[in-house]
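Reviewing the structure listed below.
The values are calculated or read from the model by the stated rules, or taken from the named source; none is laboratory data. What you are looking at is a predicted structure, and each value in this text was computed from that prediction instead of being measured. No Cβ is skipped: glycine too gets one built from the backbone with ideal geometry, and neighbour counts run over all protein chains shown. Ligands, DNA and RNA are excluded from the accessible area calculation, which covers all protein heavy atoms including side chains. Shrake-Rupley method; radii C 1.70, N 1.55, O 1.52, S 1.80 Å.
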Amino acid sequence: MIFIKSKRLQQLPPYLFVKLDRMKAEALGKGIDVIDLGIGDPDLPTPKFIVERMIAAIQKARYHSYPSSSGMLDFRKAAAGWYKKRFDLSFDPINEVAALIGSKEAIAHFPLAFIDPGDVVLVPTPGYPVYNIGTLFSGGEIYYLPLIAENDFLPNLDSIPGDILKRAKILWINYPNNPTAAVAPPEFFAGVVDFAKQNNIIVCHDNAYSEMTYDGYIASSFLDAPGARDIGLEFHSLSKTYNMTGWRIGFAVGNPDLIGALTQVKSNVDSGQFEAIQEAGIAALESDQSCVREMQEIYSERRDVLVSGLRDLGLDTPFPKATFYIWTPVPHGYTSQDFSTLLLEKAGIVCTPGNGFGDSGEGYVRMALTVSKDRMGEVIERLKKIL
Ligand SMILES: *Cc1c(COP(=O)(O)O)cnc(C)c1O
């Protein structure tokens, strides 16, 4: 029997990290002491008070049944409470907040609520691959918005042709940004709202990195822009903020019609996250956030070692104000792929070639701050020998 995959799957590019994992496995197989800066997954454990809350929660028999697909009301209240404290914005936990099984699933599912074949989704490039994939799974067409250094890695919305605008239904944005580590000024969000209202486009802001910020920079909420609540949603994740990538918990906040449509899709696909995990999420969201400040401190020290080292080696690497990524131009004469292959083969360092996040990422590599400060020192020592 020959199994022929759907066109939907056949058209997908190979998932970037699968390829990286294979290259890394080959290097490990050769006995190389690999330093992995490839994947955006925190190396530090989930804070202890969150784990302890989970241990207690798992004993509660009432959590052993099916959860509700939009999430426990107490979790949604905790998310709304966190929003109020963090951004001074109020949302109704009943119809303006939805719990997610990590934000990735919701980013992939959301287009199913609004996109039909022929509809266009505006997607940043380079960008988090799930924006494209959700579009393709829903049968939509992608129109790429390049994020380039000359424009501070913000999309140029004026460059979109009129015939695309007529068919565009969703715009994805993500600041602080993966992979470029760029941040957006509040004026940018205000401009996006005007653009969206003029063109009848839904805005989805992925704010997964709002808490991973340094040097006193505080990221804002897209929903703080005047009128944003009429046209948009914001996706949050506990993954990066509380080192909880494996737990699969996040939430979406914003316009009630958009939240309702997302919940309608999800209620037909999943049955919500295990309520004990949601209770652990409540502990995280309602905590004094000192664990977040500790996390920021650790990443900023690693950032300083890596970025100063790269700059000493002659690379024009900026110090990012946010995210745990370094987005650095590769040395003259290299492609992204050449440079990352060189780092792996000659220095045992895994990083992600920028073009893996889209064509506009060519000429860059992304390095994640996911090893200790000492190991970052070792990265620089190894690079000195080969550059
Ligand atoms: C890590 C990340 C997420 C979060 O994913 P989860 O599914 O919540 O773990 C979302 N968006 C971007 C851009 C990310 O890098």
Label-point separation in nm, residue 149 to residue 30, each point 7 Å along Cα→Cβ
2.9
Sequence-distant or interchain residues sharing an amide H contact under 5 Å with residue 168, placed H: which?
120
If you wrap a convex hull around the alpha carbons of the stretch 1-80, what volume per residue comes out, as a whole number of Å³?
282
Hydrodynamic calc, the stretch 131-231: Kirkwood Rh from Cα pairs, then Stokes-Einstein at 20 °C with viscosity 1.002 mPa s, so D in µm² s⁻¹ is 149
Rounded to the nearest 500, what is the 222 nm mean residue ellipticity of the chain from helices alone, with -39500 (n - 2.57) per DSSP H run of 4+ residues and division by all residues?
-13000 deg cm²/dmol
Between residue 52 and residue 167, 0.36 nm times their residue separation minus their Cα-Cα distance comes to what?
36.5 nm
Give me the distance in nm between label points sitting 7 Å out from Cα along the Cα-to-Cβ direction at residue 200 and residue 60, one decimal.
4.5
On a 1.4 Å probe surface of the protein chains, which of 334, 214, 143 comes out largest in accessible area, and what is the full order?
334, 143, 214
Give me the net charge of residue 117's neighbourhood, meaning all other residues with Cβ under 13 Å from the Cβ of residue 117; Lys, Arg count +1, Asp, Glu -1.
+1
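For residue 354, what charge total do you get from the other residues with a beta carbon under 15 Å from its beta carbon, if Lys and Arg give +1 and Asp and Glu give -1?
Working: positive: 19, 366; negative: 316, 338, 359, 362.
With Lys, Arg at +1 and Asp, Glu at -1, the neighbours total -2.
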Mind ordering 323-330, 152-159 by average Cβ neighbours within 10 Å, highest first?
323-330, 152-159
Rounded to one decimal in Å, the inverse mean reciprocal Cα-Cα distance for the stretch 170-273, i.e. its Kirkwood radius, is 14.6
Longer than 18 Å from Cα to Cα, which of 240/321; 104/266; 19/373 are they? Say none if no pair is.
19/373
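For the chain, give the magnitude of the charge dipole about the Cα centre (Cβ charges: +1 Lys/Arg, -1 Asp/Glu; no others), in debye to the nearest 20. Spell out each step's value before the answer.
Working: 37 positive and 46 negative charges, 178 e Å.
Taking the Cα centre of the chain as origin, the dipole is about 860 debye.
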In nm, give the distance between the simple-model label positions of residue 230 and residue 290, each being 7 Å from the Cα along the Cα-to-Cβ direction.
4.4
State, to one decimal in nm², a quarter of the convex hull surface area for the C-alpha atoms of the stretch 86-161, i.e. the direction-averaged projected area.
7.1
Contour excess over end-to-end distance, with Cα ends at residue 268 and residue 319 and 0.36 nm allotted per residue:
14.0 nm
Using mean Cβ contacts within 10 Å as the protection proxy, how do 267-279, 81-93 order, highest first?
267-279, 81-93
Taking a ≥ b ≥ c as the square roots of the Cα gyration tensor eigenvalues, with a/c under 1.5 meaning rounded and otherwise prolate when a/b beats b/c or oblate if not, the stretch 1-147 comes out oblate
Rounded to a whole number, what % of the accessible area of the stretch 48-285 do carbon and sulfur atoms account for, probe 1.4 Å?
53
Expressed in nm to one decimal, what extension gain is obtained for the pair residue 43 and residue 6 from 0.36 nm per residue of sequence separation less their Cα-Cα distance?
9.7 nm
Leaving out ligands and nucleic acids, note down the accessible area per residue over the stretch 48-285 with a 1.4 angstrom probe, in whole Å².
38
Which Rg and Dmax, in Å, describe the Cα atoms of the chain?
20.8, 61
